[in-house]
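What follows is a set of notes on a single structure, which appears directly below.
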Amino acid sequence: MSTTNRQVRLAARPVGEPRPTDWQHVEEPVGEPGDGEFLVRVLCLSIDPAMRGWMNAGRSYIRPVEIGEVMRAGAVGRVVASHHPGFAVGDHVSGSFGVQEYCVSNGLGVTKVDPGAAPLPTYLGTLGMSGLTAYFGLIDIGRPEPGQTVVVSGAAGAVGSVVGQIAKILGCRVVGIAGGADKCRMIVEEFGFDAAIDYQSEDVRKALREHAPNGVDVYFDNVGGEILDAVLLCLARGARIVVCGAISQYNSTKPQGPANYLSLLVNRATMTGMVVFDYADRYGEGIAKMAAWRAEGRLKSLEDVVSGSVDDFPDTLMRLFRGENRGKLVLKIAD
Ligand SMILES: NC(=O)c1ccc[n+]([C@@H]2O[C@H](COP(=O)([O-])OP(=O)(O)OC[C@H]3O[C@@H](n4cnc5c(N)ncnc54)[C@H](OP(=O)(O)O)[C@@H]3O)[C@@H](O)[C@H]2O)c1
């Protein structure tokens, strides 16, 4: 085992797109777990659009990462030393271990995962936060009914690809919005969506009129901006918009709000924000459901695994904003 722990810390709060100078790459001695603690060798890091928000100062649903602090990141790893009765050497675990090679944990917020049941990156995707976000956002806030039309943006990504598949399992018509012909082909042919709209080459509003002729009953929004505005003009009466994220705005210094919001009034529609952490006491329910669908072959997991070291984190994060990932983006830093 190495005696040094390589880490990526936040060096500055970015203005606009994060730059290499916003990060500090450091090494410190590997921590010693005390009583009731264990040491995790981090193996795979979850790369999330939300990380961009955590770099900002100011009030949010979670406290900002402080300047000089190890960057927050969900991860899976293996216990390599333990003085904790609930976690033994060799256990595989999932938790918020940060962008570093080793993490000392007291077990709070840490769950055991079984690498025999699913590959480790899947516990960051479909069987992790991305899947839970899709599950609770769609079912609790979207409340789709069989036969209704569900539209999801970021449809070839970690959350979006699961939203579309769950909506299909629930008997809905599903239209995905994604960037590029390849991603659009993938969500229809591999994930079973009914139709796809390539926002980079199509007029989203016109395409929605074609693919959702009776209007959109549920819109699961991952991107915000112009796409949200286009969908707002195509709502069915009583539509529900799930505000899950707005990646198109995360690097903007002046975020663009929805101009067409009066469509909510006309269509007696609602737009509701959701944060997955609010469902912590129901995670077990969501994971059990998705694991069962996965075992039955009804829910496919797609992980986009980049192999490297913690030093590759800053560039890997930017892949999300360049649309370079398909499914859940994971940085694998050790076997
Ligand atoms: N509320 C919560 O509790 C919660 C929890 C987890 C995630 N989220 C949110 O869910 C959303 C999806 O997260 P994810 O982890 O599944 O990421 P993801 O969809 O796997 O990756 C991000 C994707 O966003 C798309 N994108 C990037 N820039 C864009 C732009 N300017 N306009 C339109 N699309 C753009 C890209 O796909 P294309 O190539 O298709 O453009 C990219 O692949 C994010 O907004 C995230 O913040 C919310």
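Antiparallel as a % of all DSSP beta bridges within the chain, to the nearest 5?
Of all bridge pairs located within the chain, approximately 55 percent are antiparallel.
Å³ per residue of the Cα convex hull, for the chain?
Given the Cα convex hull of the chain, per-residue volume reads 129 Å³.
Counting Lys and Arg as +1 and Asp and Glu as -1, what is the net charge of the other residues whose Cβ lies under 15 Å from the Cβ of residue 306?
Its environment carries a net charge of -3.
As an exercise, use a Förster radius of 51 Å and the Cβ-Cβ distance of residue 203 and residue 59 to find the FRET efficiency, rounded to the nearest 0.05. Please report the intermediate quantities before stating the final value.
Numbers: r = 37 Å, r/R0 = 0.72.
For R0 = 51 Å, the calculated efficiency reads 0.85.
Between residue 254 and residue 307, take the C-beta separation as r, use R0 = 22 Å, and let me know the FRET efficiency to the nearest 0.05.
Values: r = 37 Å, r/R0 = 1.68.
That pair, residue 254 with residue 307, gives E of 0.05.
Based on alpha-carbon centroids, what's the gap between segment 2-59 and segment 66-134 in Å, whole number please?
Result: 14 Å between the Cα centres.
Accessible area of segment 129-277 with a 1.4 Å probe: how many percent of it is carbon plus sulfur?
Here it works out to 51 percent.
Put a dot 7 Å past each Cα toward the Cβ at residue 104 and residue 25; how far apart are the dots in nm?
Output for this residue pair reads 2.6 nm.
Can you give the log10 of the normalised intensity I(q)/I(0) at q = 0.17, 0.19 Å⁻¹, computed with Debye over equal Cα scatterers of segment 40-120?
-0.70, -0.83
Which cross-chain or sequence-distant (5 or more) residues have an amide H under 5 Å from the amide H of residue 332, H modelled 1.01 Å from N in plane?
Residues meeting the amide H criterion: 45, 306, 307, 308.
Please compute the length gained on full extension between residue 35 and residue 83, using 0.36 nm multiplied by the number of residues separating them and subtracting their Cα-Cα distance. The partial results should precede the final answer.
Values: separation 48, 0.36 × 48 = 17.28 nm, distance 0.53 nm.
Stretched out fully, the residue 35 to residue 83 stretch lengthens by 16.7 nm.
Would you mind computing, in nm to one decimal, how far apart the modelled labels at residue 66 and residue 96 are, each placed 7 Å from Cα along Cα→Cβ?
The two pseudo-label positions are separated by 1.4 nm.
Quick one: work out Rg over Rh on the C-alpha atoms of segment 90-129, Rh as Kirkwood radius.
On the Cα set of segment 90-129, Rg over Rh gives 0.94.
Along its principal axes, what span do the Cα atoms of segment 129-277 show, with the longest given first and each in whole Å?
36, 35, 31
To the nearest 20 debye, what is the magnitude of the charge dipole of segment 129-277 about its Cα centre, counting +1 on the Cβ of each Lys and Arg and -1 on the Cβ of each Asp and Glu?
360
Quick check on my link table: of 206/289; 206/328; 168/254; 112/254; 254/332, which ones sit more than 32 Å apart, alpha carbon to alpha carbon?
In this structure, 206/289; 168/254; 112/254; 254/332 lie more than 32 Å apart at Cα.
The values are calculated or read from the model by the stated rules, or taken from the named source; none is laboratory data. If you're wondering where the values come from, they're calculated on a predicted model, not measured in any experiment. Note that each Cβ is placed from the backbone with ideal geometry, even for glycine, and that neighbours are counted across all protein chains shown. The protein model used for the area step is the full one, side chains on, heavy atoms only, and it has no ligands, DNA or RNA in it. Shrake-Rupley method; radii C 1.70, N 1.55, O 1.52, S 1.80 Å.
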